[in-house]
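The values are calculated or read from the model by the stated rules, or taken from the named source; none is laboratory data. Remember, it's a predicted structure, so these values are computed and weren't measured experimentally. Here Cβ is always computed from backbone atoms with ideal geometry, including for glycine, and neighbour counts include all displayed protein chains.
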Amino acid sequence: MSDYSDDTPAPEPVAPAPVEKKKRESVKMTDKQKSDLTKHMEKHKKAGMSASEMKSHRMKMMSRMRKGMSVNKAHKDIMK
C-alpha cells in the first residue's frame, strides 16, 4: 500500500510578470543637427574647454537634441 497523503501544501499562486517599460526608440540626429552641434563644439574648443569637458558637454547636448531641442535650448538647459 502507498503512503500518499493530502497533507502536501498547495502550490502558491504565481504573480503575473511585471510589465516591462518599453525602451524609448532611438532617434537619430539629422544632418543639420549634426552640423550645428559641430559648430557649437568648435566654439567651445576655441574657448579652451578641456577634452573631457568637451566629451561630457557633447554627450549631454546630443541627448537633448535627439529629444527635439535646438542647440541653443539644449545648451541653456545644460548650463542651468
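The table below gives the values:
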{"item": "Filter result for the condition that a residue is surrounded by 13 or more Cβ atoms within 10 Å (Cβ to Cβ), in a loop (DSSP other than H, G, I, E, B) and at pLDDT below 95, over M69, M65, M1", "result": "M69"}
{"item": "Residue list for the stretch 35-52, filter: within 16 Å of K76 (Cα to Cα) and not basic (K, R)", "result": "D36, L37, H40, M41, H44"}
{"item": "Residue list for the stretch 34-62, filter: within 18 Å of the chain's Cα centre (by Cα) and surrounded by 12 or more Cβ atoms within 10 Å (Cβ to Cβ)", "result": "K55, S56, H57, R58, K60, M61, M62"}
{"item": "Matching option when the condition is of a type in the set (K, R), farther than 16 Å from M79 by Cα and touching a residue at least 24 places away in the same chain (Cβ under 8 Å), among K32, K28", "result": "K28"}
{"item": "Tabulated pairs, the stretch 63-80, first within 17 Å of D31 (Cβ to Cβ), second among the polar types (S, T, N, Q), C-beta under 6 angstrom, 6+ apart or interchain", "result": "M65/Q33"}
{"item": "So K55, is it assigned to a helix (DSSP H, G or I), modelled with pLDDT of 95 or more and among the basic types (K, R)", "result": "yes"}
